[in-house]
Amino acid sequence: MRRAAFAVAAGAMAVSLAACGSAKESGGGAAKSEDSKKKGDAITVGLLLPENQTARYEKFDRPLIEKKVSELTNGKGKVVYANAKQDATQQNQQVDTMITNKVDVLIIDAVDAAAIKNSVQKAKDAGIPVVAYDRLAQGPIDAYTSFDNETVGKTQGEALLKALGSKAKSGKIVMMNGSSTDPNAAQFKKGAHDVLDGKVNVGKEYDTKEWKPENANSNMEGAISALGKKNIVGVYSANDGMAGGIITALKAAGIADVPVTGQDAELAGVQRIVAGSQFMSVYKPYAPEADAAAEMAVNLAQGKSLDTVAKDKVDSPTTKAVPSILVPVTSLTKDNIKDTVLKDGVYTVNDICTAQYKAACAKAGLK
């Protein structure tokens, strides 16, 4: 199915995603209480997601995890959900509430990977195992699932180079990285730099506060003012939400035909790719990631080993050899929309080809 040139095999993924630090071995999970071992299928999974600005969390991650937990527990397991709305303090309070309510396991996508550390320790002390979801949370986590984040950045960088072609050094590119509080953002940035350094001229680079499109828009306006609109040949954007803010700024300045990258294959991003205002996104299939988190969480809650589930090991700054599942990614362009988000049922042609995009869809062969 993955015919794009940048698709990667899961078995080839690098697994040392962060500095090792002087931490304890995770050993495959915290000690489970006798109660959790006796739970069987009647378990409670606490699910904490970081924000609701990015469409993926409410549209895909939450319902997919809920569905998989139900499947794995014969309909007896339940998911208790909370969204931190980009507030790290609120997320810590949500962990406290989950601990007080004695959930059997936690799945946490951290707002701030470092700020969640003490809350993860509290869960550990209460005998509640923690699965770090999508972002590598600090503290004594028991399991982790995400994508190979450096490969995501490399995929974006390679796509940008392809789009620029002979223009790669004819002007300046702008790099719009994600939030400095998100460890994934640093890995995306590293992967992108590994590909782009020496092959492009970076005129301006930003770490975008809270990943917000409006902050990316403001940063891009500043870059245009500083560099001059005739000198910008491309933009590295770490995700689709920010790409939207960037493209708005480019259009307002009268700048056209500048390739912009993205990530997450959000519907608006896919529509911009069809229309030609965004060059690419990184398609990260949410179902395998969500399924992995649910399976590890259920196993941990039931006191089962992760040995047959998690084939990789990842080091965080605080915990070594965390059992992990890393999911492959694909470079999504106009050429492979049919083979990715349409084939996998993420969107339908009707979802993408609304009235505004009918002509562009017809030109792209989406009918």
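The values are calculated or read from the model by the stated rules, or taken from the named source; none is laboratory data. Note that the coordinates shown come from a computational prediction; the quantities given were computed from them, not determined experimentally. Cβ coordinates were reconstructed from backbone atoms using ideal geometry, including for glycine residues, and neighbour counts include every protein chain displayed. Ligands, DNA and RNA are excluded from the accessible area calculation, which covers all protein heavy atoms including side chains. Shrake-Rupley method; radii C 1.70, N 1.55, O 1.52, S 1.80 Å.
For Rg and Dmax of the Cα atoms in Å, computed directly from the structure shown, the correct entry in [x] 21.5, 78; [y] 20.8, 67; [z] 19.9, 71 is [y].
GLU71 to GLU214: FRET efficiency via 1/(1 + (r/R0)^6), r the Cβ-Cβ distance, R0 51 Å, to the nearest 0.05? Efficiency at R0 = 51 Å is approximately 0.85. Normalised by 2.2 N^0.38 Å, with N the number of residues, the alpha-carbon radius of gyration of segment 82-235 equals 1.28.
For the residues ASP291, ASP194, a 1.4 Å probe over the protein chains yields an accessible-area ranking, largest first, of ASP194, ASP291. Within the accessible surface of segment 192-292, defined with a 1.4 Å probe on protein heavy atoms only, the carbon and sulfur portion equals 47 percent.
Do any of LYS154/LYS338; LYS85/LYS122; LYS162/LYS313; LYS199/LYS363 go past 29 Å between their Cα atoms, and which?
Beyond 29 Å between Cα atoms: LYS162/LYS313; LYS199/LYS363.
Among 296-303, 119-126, sorting by the average number of other beta carbon atoms lying within 10 angstrom of each residue, highest first, gives 296-303, 119-126. Under the simplified labelling scheme, the LYS78-LYS162 pair shows an inter-label distance of 4.7 nm, with each label point 7 Å from Cα along Cα→Cβ. In a fully extended conformation the segment linking THR308 and LYS229 would gain 23.1 nm over its present Cα-Cα distance, using 0.36 nm per residue.
Taking trypsin sites (Lys or Arg not before Pro) across segment 145-220, the ones in a DSSP loop with at most 14 further Cβ atoms lying within 10 angstrom of their Cβ are LYS169, LYS199. Normalised Debye scattering of segment 240-298 at q = 0.14, 0.21, 0.27 Å⁻¹ gives log10 I(q)/I(0) of -0.45, -0.74, -1.02, counting only Cα atoms as equal scatterers and leaving out solvent.
With a probe of 1.4 Å, find how much accessible area the chain has per residue, and write the answer as a whole number in Å².
41
Where only DSSP H runs of four or more residues are counted, the chain gives -11000 deg cm²/dmol as its mean residue ellipticity at 222 nm, each run worth -39500 (n - 2.57).
Model label points for GLU205 and SER170, set 7 angstrom from Cα along the Cα-to-Cβ axis, are 2.4 nm apart. Relative contact order of segment 210-252: 65 percent, from C-alpha pairs under 8 Å at least 6 residues apart in sequence.
Checking every one of the trypsin sites (Lys or Arg not before Pro) in segment 312-353 against DSSP loop status and a limit of 10 other Cβ atoms within 10 Å picks out no site at all. In a simple Cβ point-charge model (Lys, Arg +1; Asp, Glu -1; nothing else charged), the chain has a dipole of about 860 debye relative to its Cα centre. Split the accessible area of segment 50-141 by element, probe 1.4 Å, and carbon with sulfur accounts for 43%. Have a look at TYR357, TYR144, TYR133 and tell me which one the Gaussian network model of the chain (Cα, springs below 10 Å) gives the largest fluctuation. Highest fluctuation among the options: TYR357.
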